[in-house]
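The values are calculated or read from the model by the stated rules, or taken from the named source; none is laboratory data. It should be emphasised that the depicted structure is a prediction, and the values quoted were computed from it without experimental measurement. Neighbour counts run over all protein chains shown; Cβ positions are idealised from the backbone, glycine included. Heads up: the accessible areas ignore ligands, DNA and RNA and are worked out on the full protein's heavy atoms, side chains in. Shrake-Rupley method; radii C 1.70, N 1.55, O 1.52, S 1.80 Å.
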Amino acid sequence: VPILVKNRDVVQACLSKKGIFNTIIWPLRDEQKKCCKNAEYICNHMLAVPCDQRYSKEDMIYIGE
């Protein structure tokens, strides 16, 4: 599940310390950033939060909190 956060790198590091693996979406190339005025902001603030069949209901509540 993609989310936007102000301090993406700080949030990712904090969650990782709690055992929650979350990924940073791959960086955009310069020509991609020029296609949309919001692309660079989204690229720099988007964090992918895990949500799939590997996680229990309790895991998802923990991740959400």
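Overview of values
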item: Stretch gain in nm, segment Ile42-Phe21, where the contour uses 0.36 nm per residue and the Cα spacing is subtracted; result: 5.6 nm
item: Given charges at Cβ of Lys, Arg, Asp, Glu: the chain dipole, positive-most of Leu4, Cys35, Leu47; result: Cys35
item: Anchor Lys6: aspartates and glutamates whose Cα lies under 19 Å away (excluding residues fewer than 8 positions away in-chain); result: Glu40, Glu65
item: Accessible carbon and sulfur surface of the chain relative to its total accessible area, %, 1.4 Å; result: 58
item: For Asn44, net neighbour charge (Lys/Arg +1, Asp/Glu -1) across residues whose Cβ lies under 12 Å away; result: +1
item: Assigned charges on the beta-carbon of Lys, Arg, Asp, Glu; the chain dipole about Cα centre (debye); result: 160
item: Proximal charge balance of Leu28 [Cβ under 13 Å; K/R count +1, D/E count -1]; result: +1
item: Protein-only accessible surface order, largest first, of Cys35, Cys43 at 1.4 Å; result: Cys35, Cys43
item: Separation of the Glu31 and Asn7 label points, Cα + 7 Å toward Cβ, nm; result: 3.7
item: Accessible area per residue, Å², segment 1-42 with all protein chains present, probe 1.4 Å; result: 85
item: In order through segment 9-14: 3J(HN,Hα) via Karplus (6.51 cos²θ - 1.76 cosθ + 1.60), integer Hz, x for Gly, Pro; result: 5, 5, 5, 4, 5, 5
